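Have a look at the structure below before the remarks.
The values are calculated or read from the model by the stated rules, or taken from the named source; none is laboratory data. All figures in this text were calculated on a predicted structure; none of them were measured in a lab. Every residue, glycine as well, gets a Cβ built from its backbone with ideal geometry; the counts of neighbours run over all protein chains shown.
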Amino acid sequence: MQTRYTSADQWAEAKDGVIPAPYALEEGEQIIDQYLEPVIFHNVNGPDIGVTTCGVIVKDGLYFKDLDNSGELAPYKDWRLSPEQRAEDMVRHLRLDQQAGLVLNTLFNTPVVPTRAEATNAEGKLELGKIYKHHNPGEKPMPGPLPGMTVSIDDSHVLEKHIAAGVYRGDMRCEAGMVALYHNAGTQMLEYEACKGGVAIPYSLHTNPINIGYPDSLGIGAAVIGDGNTDMVYEMAQTDRKMMKAEGLNIMYGPQVDVTSDPRWPRTSGTYGERPDVTSDIAEALVKGYQDGDNGLNEGSVVLTIKHFPGDAPSENGFEPHVPIGQWRIYRTPGSMEKYHLPPFQRAFDHKVSSIMPDYSRIATDGRAVPQTYRGEVTSTEEVPSAYSKELITDLARNKMGFDGYVNSDSGITTVQIYGVENLTEPERYAKAISAGTDVIGGNTDPENIVKAVEDGLLPKADLDRASYNRLLSLFRTKRVDNPYLDPDKADQARVDNFDGAKKKAYEANQKAVVLVKNHEKLLPLAKSQKVCIVTFKGVDSGFAQMAQAMGAGLGNTDEDAALRKTLTEAFEKKGYTVVATPEEADVLYLHVWPISNGLVFNQYAMPVIEMGEIVTDERERNKSQKKTGNKVTVVTLKDVEKIKELADAIHARGGKVVGTCVVCNPWLLDKLEPYCDALTIQYTVSAVALNNALNAQVDVISGDFAPTGKLSLTMVSDPAVIAITEQEIDGVVREICASPNDVPGYDKDQYIDPAILANVKGGSYAYCDADGNYYRSGFGLNY
């Protein structure tokens, strides 16, 4: 590698002309042979210019990045022009294969090693192959969780396929500085396009939301309802934004602003609950916090890709659309899309959110559903996933609701979630999605299909140009084109300053997320002189952790019962309680109950259930369809559930008391727990980074060290009858119809349920009614 210079200082007095790139490859070398330290040129009244293999144009005493090494100051290189002007001009300079790569992103991107020390050789130099995985032609690609997906992401995807973005999957396991180096390495490879007749495009890293110690989403919803404002949400977003920007996590695949409506739906845990107004308020705060204001993108912004437009929660009886078994959204209720599911998106659009992700599922238009309207006009008539629907993406989101950003599909829509487009070829699917208004196809690594679609006349070049423009516009608006390179030291420091600095506020947020739903005879706050026996119950960790791991949620999975008991023991002992080993020694039995849904995303074999215990149910054609196989399967959402009653009866017989905590990721039927508890709290947080905070916060409320303010973000279900399934023949086909509509949130379901059903349910409502007569409807929560 020829190193011409390592500092811009020698060019401080450069006259108009071109400064050569700091690095040039020698014969036989490749850009992946070593990591190049970028050289930064400082404009006094303009942006920094960061280069490795691009030259620098000097004009009128100003520096400009020579993005194609032509020596000409084209409009797209001129930072004095508007982002719109630059993006429009850059599109005209991109090769077709570069455009195809620009509108894709890879799905599983993580540094080879987690620390800079491990990436540094004996000579003290960073090894690029330990930052960004090198392509090994003889290595068999590792398949992803679904057909057509791969987790084997390497430099060939950047160098050969020109894919300019990937989804980071390392959570907090990698040093921030290492993530910044990974981002720089991707940018270094893409910048080399300027030496090969192309244009240098900065590399972008997406990430799913990463918990930084705050409550999980349902807990955020609970805290916000209790607070009556979203100040905490805005502060959290600002903190996270600063860390993300420093380490190169430029785009968030989130927030998930779906409004929960079917209680069995596995993605409920990623929502903020079932209240459209609450989710809308949170969406607004997140846009302002992550995008650094509500006037669109700027240099300080993280791009938000809110999902899943127009709301994925009305799933057919809880099945999830990553696979064909869950492909349908069922709107049985007139106006439900506009009333319940679109408001959070509208609020985000009003505050100029920069990106949206359409959902995988498709709207049923047969007799199971009624047409949905927006301001009096039908929203969709085509039974295809939303990323393929011009009616939803262009007509509804852009033209009617005012969305002005880019549309990023969920991952795999041309290979897996091809519902209704099965008969199209892959190039035809790309053409249909992009022409519908989708700008970025997530998780796909086959740009050749886009090239073929254009060359064969399937995809109008103007539609690809629009998609490229929308993608580039976000890069120019966030000022990432002129100097996309990051300082890994600053990234590490940003994590220290923000993550560590926010620990107190994150803990306070966890306290606010605790919901006290039962306090019989004012048992709480619990006197600290009591002897407490801790017993934990958990489900079979089969699917929830799998989903969270795949989505990058950082869920603490595997066998963590011992760690759970240890944390709880220490929390109670710190308060002054005596923790005893057996219930017979105790004054108070503390039950920590953690049910786990069978709502698998990548392995769906039965309808999701929300009863606690070992539930026998019908087996379905795994992943393929809801057709029953004729076999029965046993779903274990909670092991040893019968022991709850046994333990409670025994300690009550001796005059003792029972305090329970239920972990809620779906609105569980509580009939196997609540009747046996004198006091009951709700815990919404399970992410590994925040779990200890959540557990200690429960004990704070139990002990009286924090007076509870949290309110339920979900309505807890009263009885199996209100979600019971009956078979009905509709349009000549036998369908499974739920007793309560899939598209209506729990707090509002009663009006749509047969009164004869409610008449036989305790409390006469969809909402759970406890032994003290309280209804566990969203918004409910006790204080002392």
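Quickly run through the range 746-784 and pick out the residues that are of a type in the set (Ser, Thr, Tyr) and either surrounded by fewer than 16 Cβ atoms within 10 Å (Cβ to Cβ) or within 20 Å of Leu524 (Cα to Cα) (or both). Tyr752, Tyr775, Tyr776, Tyr784 - these are the residues of the range 746-784 that are of a type in the set (Ser, Thr, Tyr) and either surrounded by fewer than 16 Cβ atoms within 10 Å (Cβ to Cβ) or within 20 Å of Leu524 (Cα to Cα) (or both).
So Thr681 clears everything in (1) under 23 Å from Ile325 (Cβ atoms); (2) surrounded by 24 or more Cβ atoms within 10 Å (Cβ to Cβ); (3) of a type in the set (S, T, N, Q); (4) modelled with pLDDT of 95 or more except one condition, right? Which one? Only one criterion is unmet by Thr681, namely (1).
Of all the residues that make up the range 600-621, how many are touching a residue at least 40 places away in the same chain (Cβ under 8 Å), under 28 Å from Gly144 (Cα atoms) and either among the β-branched types (Val, Ile, Thr) or assigned to a loop (DSSP other than H, G, I, E, B) (or both)? Spell out how you get there, then give the answer.
Within the range 600-621, the subset touching a residue at least 40 places away in the same chain (Cβ under 8 Å) is 600-604, 607-613, 620-621.
Filter again for under 28 Å from Gly144 (Cα atoms), leaving 600-604, 607-609, 620-621.
After this cut, where a residue has to be either among the β-branched types (Val, Ile, Thr) or assigned to a loop (DSSP other than H, G, I, E, B) (or both) as well, the list is 600-604, 607-609, 621.
Result for the range 600-621: 9.
Annotation note: of Gly655, Gly660, Gly630, the sole residue that is modelled with pLDDT of 95 or more and under 16 Å from Leu524 (Cβ atoms) is Gly660.
How many residues does the range 443-467 contain that are surrounded by 24 or more Cβ atoms within 10 Å (Cβ to Cβ) and modelled with pLDDT of 95 or more?
Looking only at that region, the number is 6.
The residues of the range 168-214 that are under 17 Å from the mean Cα position of the chain (by Cα), surrounded by fewer than 24 Cβ atoms within 10 Å (Cβ to Cβ) and not in a loop (DSSP other than H, G, I, E, B) amount to a single one, Leu205. Got at least one residue in the range 537-545 being at pLDDT below 95, out of contact with any Leu (no Cβ under 8 Å at 6 or more places or on another chain), surrounded by 18 or more Cβ atoms within 10 Å (Cβ to Cβ) and closer than 30 Å to Asn603 by Cβ? No, the conditions are met nowhere in the range 537-545. Quick check: anything in the range 528-536 surrounded by fewer than 18 Cβ atoms within 10 Å (Cβ to Cβ), of a type in the set (Val, Ile, Thr) and touching a strand residue (DSSP E or B) at 6+ places or on another chain (Cβ under 7 Å)? Taking every residue of the range 528-536 in turn, at least one turns out to be surrounded by fewer than 18 Cβ atoms within 10 Å (Cβ to Cβ), of a type in the set (Val, Ile, Thr) and touching a strand residue (DSSP E or B) at 6+ places or on another chain (Cβ under 7 Å).
Condition (residue is assigned to a helix (DSSP H, G or I), aromatic (Phe, Trp, Tyr) and under 30 Å from the mean Cα position of the chain (by Cα)) applied to the range 752-767: is it met by at least one residue?
Of all residues in the range 752-767, those assigned to a helix (DSSP H, G or I) come to 752, 755-758, 762-764.
Now narrow it down to the ones that are aromatic (Phe, Trp, Tyr): 752.
Next, from what is left, pick out any that are under 30 Å from the mean Cα position of the chain (by Cα): none.
Looking for residues that are assigned to a helix (DSSP H, G or I), aromatic (Phe, Trp, Tyr) and under 30 Å from the mean Cα position of the chain (by Cα), one finds none in the range 752-767, hence no.
When you scan the range 108-120, do you find a residue that is touching a Phe, Trp or Tyr at 6+ places or on another chain (Cβ under 8 Å), outside the structural domain of Thr445 (by TED's automatic domain parsing), hydroxyl-bearing (Ser, Thr, Tyr) and surrounded by fewer than 24 Cβ atoms within 10 Å (Cβ to Cβ), even just one? Checking the range 108-120: at least one residue is touching a Phe, Trp or Tyr at 6+ places or on another chain (Cβ under 8 Å), outside the structural domain of Thr445 (by TED's automatic domain parsing), hydroxyl-bearing (Ser, Thr, Tyr) and surrounded by fewer than 24 Cβ atoms within 10 Å (Cβ to Cβ). Determine if the range 499-515 includes at least one residue that is crowded, with 22+ Cβ neighbours inside 10 Å, in contact (Cβ under 8 Å) with a residue 12 or more places away in the chain, in contact with a strand residue (DSSP E or B) (Cβ under 8 Å, 6 or more places away or on another chain) and assigned to a strand (DSSP E or B). Yes: one or more hits. Answer yes or no: is there a residue in the range 719-736 that is surrounded by fewer than 20 Cβ atoms within 10 Å (Cβ to Cβ) and of a type in the set (Ser, Thr, Tyr). Yes, the range 719-736 has at least one match.
Among the residues making up the range 5-16, those that are surrounded by 13 or more Cβ atoms within 10 Å (Cβ to Cβ) and of a type outside the set (Ser, Thr, Tyr) are Ala8, Trp11, Ala14.
Restrict the check to the range 24-47 and report whether at least one residue is hydrophobic (A, V, I, L, M, F, W, C), more than 24 Å from Met1 (Cβ to Cβ) and at pLDDT below 95.
The initial filter retains those residues of the range 24-47 that are hydrophobic (A, V, I, L, M, F, W, C), namely 24-25, 31-32, 36, 39-41, 44.
Going one step further and asking which of them are more than 24 Å from Met1 (Cβ to Cβ), we end up with 44.
In the following step, the residues that additionally are at pLDDT below 95 were identified as 44.
Yes, the range 24-47 has at least one match.
Residue by residue through the range 720-750, note down the ones that are of a type outside the set (Val, Ile, Thr) and under 20 Å from Gly273 (Cα atoms). Give the steps one after another, and end with the answer.
The first filter runs over the range 720-750 and keeps only residues of a type outside the set (Val, Ile, Thr), leaving 720-721, 724, 727-729, 731-732, 735-736, 738-743, 745-750.
Answer for the range 720-750, where residues must be of a type outside the set (Val, Ile, Thr) and under 20 Å from Gly273 (Cα atoms): Ser740, Pro741, Asn742, Asp743, Pro745, Gly746, Tyr747, Asp748, Lys749, Asp750.
Of all the numbered requirements in (1) without any contact (Cβ under 8 Å) to a residue 40 or more places away in the chain; (2) touching a helix residue (DSSP H, G or I) at 6+ places or on another chain (Cβ under 8 Å), Ala586 misses one, and that requirement is (1).
Restricting the search to the range 129-164, which residues are outside any loop (DSSP other than H, G, I, E, B), touching a helix residue (DSSP H, G or I) at 6+ places or on another chain (Cβ under 8 Å) and within 13 Å of Asn109 (Cα to Cα)?
Narrowing the range 129-164 to residues outside any loop (DSSP other than H, G, I, E, B): 129-130, 143, 150, 156-159.
When the remaining residues are screened for being touching a helix residue (DSSP H, G or I) at 6+ places or on another chain (Cβ under 8 Å), the result is 158-159.
Passing the criteria: only Val158.
Does Thr685 satisfy the criteria of being of a type outside the set (A, V, I, L, M, F, W, C) and either out of contact with any Ser or Thr (no Cβ under 6 Å at 6 or more places or on another chain) or part of a loop (DSSP other than H, G, I, E, B) (or both)? Here the answer is yes, as Thr685 does meet what is asked. In the range 326-346, the residues that are over 16 Å from Glu274 (Cα atoms) reach residues that are assigned to a strand (DSSP E or B) and among the charged types (D, E, K, R) with C-beta atoms within less than 7 angstrom, at least six apart or across chains, in these pairs: Gln327/Arg362; Trp328/Arg362; Arg329/Arg362. For the range 81-88, the condition of being without any contact (Cβ under 8 Å) to a residue 12 or more places away in the chain, outside any helix (DSSP H, G or I) and in contact with a helix residue (DSSP H, G or I) (Cβ under 7 Å, 6 or more places away or on another chain) holds for at least one residue.
Filter the range 717-745 for residues that are in contact (Cβ under 8 Å) with a residue 24 or more places away in the chain, touching a strand residue (DSSP E or B) at 6+ places or on another chain (Cβ under 7 Å) and not hydroxyl-bearing (Ser, Thr, Tyr) and give the result. Across the range 717-745, the qualifying residues are Ile723, Ile725, Arg735, Glu736, Ile737, Cys738, Asn742.
State whether one or more residues within the range 633-643 are without any contact (Cβ under 8 Å) to a residue 60 or more places away in the chain, over 28 Å from Tyr272 (Cβ atoms), assigned to a strand (DSSP E or B) and not assigned by TED's automatic domain parsing to the domain that holds Trp328. So far as the range 633-643 goes, yes, one or more of its residues are without any contact (Cβ under 8 Å) to a residue 60 or more places away in the chain, over 28 Å from Tyr272 (Cβ atoms), assigned to a strand (DSSP E or B) and not assigned by TED's automatic domain parsing to the domain that holds Trp328.
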